[in-house]
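Undergrad: The structure follows.
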């Protein structure tokens, strides 16, 4: 794993399953589809961890993201 | 679905039903009418999910948005 | 209704009755008199929805606004 | 009342009694003495509404202001 | 009292006793020694009002300040 | 330890075990892999201190970080 | 004590024991080693006041700092 800047690991996670933790405590697991520098994230095939609800995709506003970690 | 940047998926959702989740926990379902880079959003034919109240339209301030997901 | 950018709908609401929802949960109903890009808003003939208190006008700081919706 | 931009109404309130509502719920009634674009405000002959405490003046940081309304 | 801009009253308070109210509700009374545009403030001979604890000086980060008022 | 600017100590911690404390109270212990000026941080071989859950890596958004301290 | 700008007192505290109070209420006592304009701070020989836990050093993110005061 080659990681020079923190966002490198986000970039390397494209197409992989990650868990995103929001500032309000919600967690979403899904496949990373797109990201930008904030980082705003788009996940596909998403599950909201507490409720078990599923979505085809979700847009997560970077400003409300606390942490990103691998799901596999 | 072609998504290079996170806001692409917002753009592709114009005219479609989405659910917007606010930082304060409120959720609104409606048809996406307009968006900008924050992203501020305008929905039409809106339902506030907890209360069931309905509005012809709603302007949602980007700064208070946490997540956007498809409603269909 | 022609809405290209989210703030268009705010502009089109000048002179009309709207409800503004603040981040702290307070809601104000009144006639939109002025707006800017934040959007800071000025309403006239205002009612605070929970308390029923009335004011000739109110200045609402954009930074604390969560949503704007039609009152009619 | 001629109000094109929201801050016009703040400017027209100089020398008049207003009530300022802070994000933390506190409210101050006093005569508007000075303002800037944030808007930071200075009131004179101030009363804190809940406690009834009085001050010769108060400086209110714009960042923590939620709303401004007339006191008369 | 000549006050054109809100920060003028902070400047005129140098060397005088003021009370600073923080967003988290804490209040500090002390002699204003230095200020900048945020406004970050330095007080001398400080008392924390709730606890009665005293300090030779305190640096208060402007971002967390809600209001400033005279102590005398 | 040569530390001129605060971020120097973050830089000197690369490859070492640190504990990161988030604004929401969560703490993560892991090996610092990457950092930037916010500072966004990437840790490897991470343990979430309260839950004991472990992750191969975690991206922590600088905006939600409160403190960083050594783990050894 | 010569203090023209608020950050002067931070600068003059280098090598001295200070107490830093965070927005979340935590307090850290330690020797100031480095600071910048936010101000991010690095303390050495640190004690977390509530828990009594000790650390060789701590990096405190300026954005979460509320106040700084002398410890001696």
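Undergrad: Can you tell me the Rg and Dmax of chain E, counting just the alpha carbons, in angstroms?
TA: Using the Cα atoms of chain E, the pair Rg, Dmax is 11.3, 36 Å.
Undergrad: Closest to the D-onto-F rotation axis, which residue of chain D has its Cβ, and how many Å off the axis is it?
TA: Residue with the nearest Cβ, plus whole-Å distance, for chain D: D:63, 9.
Undergrad: Quick one: work out Rg over Rh on the C-alpha atoms of the protein assembly as shown, Rh as Kirkwood radius.
TA: Ratio value, two decimals: 0.99.
Undergrad: Continuing with this model, one more query. Pick from C:11, C:40, C:24: which is most flexible by mean-square fluctuation in a GNM of chain C where alpha carbon atoms under 10 Å apart are linked?
TA: Looking only at C:11, C:40, C:24, the biggest GNM fluctuation is shown by C:24.
Undergrad: What's the FRET efficiency of residue E:2 with residue F:54 using the Cβ-Cβ distance as r and R₀ = 60 Å, to the nearest 0.05?
TA: 0.40
Read-outs throughout are calculated quantities, based only on the coordinates presented, and are distinct from any laboratory measurement. Note that the coordinates shown come from a computational prediction; the quantities given were computed from them, not determined experimentally. As a convention, Cβ positions derive from the backbone with ideal geometry for all residues, glycine included, and neighbour counts pool all protein chains shown.
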